[in-house]
Structure formats: C-alpha cells, structure tokens
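**Q** I'd like to ask you about the structure that follows.
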Amino acid sequence: MNLILLGPPGAGKGTQAKRLVDRYSLVQLSTGDMLRAEVAAGTALGRAAKQIMDAGKLVSDGTIIDMIGARIAEPAARNGVVLDGFPRTQAQAQALDAMLAARGKKIDAVIELAVDEDALVERIAGRYACARCGAGYHDLFQLPRVQGVCDVCGGASFTRRADDNAETVRDRLAVYRSQTAPILPYYEAQHLLRRVDGMQSPDTVTAAIDHILASSIPA
Ligand code: AMP
C-alpha cells in the first residue's frame with residue numbers, strides 16, 4: 001500500500017505517518033526529515049537546503065525527486081510507503097507517478113488533513129521533539145508525562161525546528177497555498193483523494209484514516 005498525506009505545515013502529517021508505519025508495516029518517507037538529516041550531517045545538499053528551509057521556501061524539484069527516488073528503490077520500501085511532505089508540487093506529483101509505475105506500483109490513497117489555518121501558527125510554534133528518538137510533544141497540547149523526560153525513550157534533551165517560528169510559518173503556509181494545494185485536483189481527478197478533518201484529536205484523526213483505508217483499499 002502506498003499512501004500520501006497532504007496538508008499544510010502543522011496539519012499532523014508526521015504524527016499520523018508514524019502511526020501508519022506501525023499499523024500497516026509501511027516505511028515513512030518524509031522529505032523534511034531527510035533534509036533535516038542532511039543539514040545535521042553538514043553535507044553539501046544540507047548546506048544548500050538550510051537557507052531555503054529557514055526561509056520557508058521549497059527546495060528544488062530535481063533535488064527532492066532524486067532523494068525520494070533513491071529511497072523508493074530501497075528494498076525496505078517494497079511493502080509500501082507513507083509519504084509525508086512529498087509531493088509538494090505538480091512536477092513532484094508527476095515524477096512520483098512515473099517512479100512508481102516503473103516498478104509496477106501506484107498510489108492507493110491520498111489523505112488530505114484539512115485544518116483551520118488560524119490554528120496552525122499556535123500548533124507549530126509550540127511543537128518540539130525528543131532529540132534522541134524523535135517523539136513529538138507540544139507546549140500546550142502534549143507535554144511529556146514527567147516534565148523534561150521523553151515518554152518513549154527516557155531521553156532528557158529536546159529540539160525545536162529552526163523553521164517553526166511564527167514568521168516562517170506564515171511563509172510556509174503561503175507556499176502551501178500557491179504550490180501544493182493546486183495538486184489536490186490532480187488526485188481528485190484520479191478518485192484517490194480523501195479528506196479528513198485534521199482539527200480533531202490525533203486519535204480521532206487516526207481512526208478516520210483507518211476507516212478510509214479499510215473501506216477503500218482491498219486487503
Ligand atoms: P516539512 O518538514 O515537510 O515541513 O519540510 C520542511 C522544509 O523542507 C520545507 O519548508 C521545505 O523547505 C523543505 N521541503 C520538505 N519537503 C519538500 C518537498 N517535497 N519539496 C520541496 N521542499 C521540501
């Protein structure tokens with residue numbers, strides 16, 4: 001099964017993608033996570049991408065398509081992938097179809113997490129993650145059970161994304177509206193698009209996605 005999670009920054013794509021990995025034995029391919037790993041490793045790609053990411057703009061289609069192409073070709077992705085943060089442009093959507101078709105595969109469903117943009121700045125500005133295992137937390141909505149200690153791995157250091165500040169979030173939302181939202185009709189025309197209310201609690205969103213997958217995709 002190959003799934004795409006679409007939605008603006010802060011819609012909950014990363015959270016839901018991690019849950020889908022566990023439930024359906026998929027590999028999560030998050031282009032944002034891949035780019036942040038390149039930045040952290042100080043590679044040439046990471047150095048070039050950092051400025052663009054910090055400005056809330058999109059990294060070039062060619063760079064992103066090459067990165068995803070390499071990961072989709074890995075044996076680990078054979079069982080299926082959940083794409084989070086990709087595709088973000090029409091060119092990426094078309095390149096993805098071609099990459100999958102070359103392997104006799106296709107997209108099975110595109111889940112749009114629909115959210116109220118006014119709530120996104122608060123959602124994004126409060127989020128942080130365990131530096132060791134990546135588990136996600138939020139200043140207002142999801143604190144660790146013990147203050148300063150990760151629920152999942154017991155780690156005690158946390159990180160915040162450089163681009164999760166109010167000003168950059170507004171730029172990222174504008175980029176989403178102008179470059180990514182226009183690919184929704186592409187998937188709608190293929191009858192692949194399903195809409196979920198992303199303003200609900202994470203568990204309710206997960207249940208809604210499960211329901212969609214159970215009813216629209218043969219086991
Ligand atoms: P994300 O973690 O998905 O919010 O991505 C963080 C940043 O990485 C974005 O604001 C872009 O600068 C860059 N990025 C991630 N995925 C893509 C993509 N598919 N196309 C272009 N740029 C991307």
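The values are calculated or read from the model by the stated rules, or taken from the named source; none is laboratory data. Just so it is clear, the structure is predicted and the values come from calculations on it, not from any experiment. Cβ atoms come from the backbone with ideal geometry, glycine included; neighbour counts cover every protein chain shown. Remember, those area values only see protein heavy atoms, side chains included, never the ligands or the DNA or RNA. Shrake-Rupley method; radii C 1.70, N 1.55, O 1.52, S 1.80 Å.
**Q** Just to confirm the filter: which chymotrypsin sites (Phe, Trp or Tyr not before Pro) across the range 99-157 are DSSP coil and have at most 15 other Cβ within 10 angstrom of their Cβ?
**A** Filter output for the range 99-157: F141.
**Q** Over all directions, what mean area does the Cα convex hull of the range 75-202 project, stated in square nanometres?
**A** 9.7
**Q** Compute a Gaussian network model of the chain, connecting alpha carbons closer than 10 Å, and tell me which residue from E38, E112, E74 fluctuates the most.
**A** E74
**Q** Where is the GNM fluctuation largest for the chain (alpha-carbon springs, 10 angstrom cutoff): L100, L26, L173?
**A** Residue with maximal mean-square fluctuation among L100, L26, L173: L100.
**Q** If you rank K57, K13, K50 by how much accessible surface each has, with a 1.4 Å probe, what is the order from largest down?
**A** Largest to smallest exposure gives the sequence K57, K50, K13.
**Q** Setting aside same-chain residues fewer than 8 positions from K106, which aspartates and glutamates have a Cα under 13 Å from its Cα?
**A** D97
**Q** Select from I107, I52, I209 the residue whose mean-square fluctuation is largest in a Gaussian network model of the chain (Cα-Cα springs shorter than 10 Å).
**A** Highest fluctuation among the options: I52.
**Q** To the nearest 20 debye, what charge dipole does the range 1-124 have about its Cα centre, counting +1 at the Cβ of each Lys and Arg and -1 at the Cβ of each Asp and Glu?
**A** In total the dipole reaches around 420 debye.
**Q** As a check on your grasp of the helix formula, calculate [θ] at 222 nm for the chain: sum -39500 (n - 2.57) over DSSP H runs of n ≥ 4, divide by the residue count, round to the nearest 500.
**A** -13500 deg cm²/dmol
**Q** Once you keep just the Cα pairs under 8 angstrom separated by 6 or more residues, what percentage relative contact order results for the chain?
**A** After rounding, I find 29 percent.
**Q** How big is the accessible area of H191 in square angstrom, nearest 10, if you roll a 1.4 angstrom probe over the protein chains?
**A** Using a 1.4 Å probe on the heavy atoms, I get roughly 150 Å².
**Q** Something else about it: Give the ranking of R132, R71 by solvent-accessible surface, highest area first, calculated with a 1.4 Å probe.
**A** From most accessible down to least: R132, R71.
**Q** If Lys and Arg each add +1 and Asp and Glu each add -1, what is the summed charge of the other residues whose beta carbon sits under 15 Å from the beta carbon of G104?
**A** +2
**Q** Still on this model: What is the mean projected area of the alpha carbon convex hull for the chain, to one decimal in square nanometres?
**A** Computing the convex hull of the Cα atoms and averaging its projections yields 11.8 nm².
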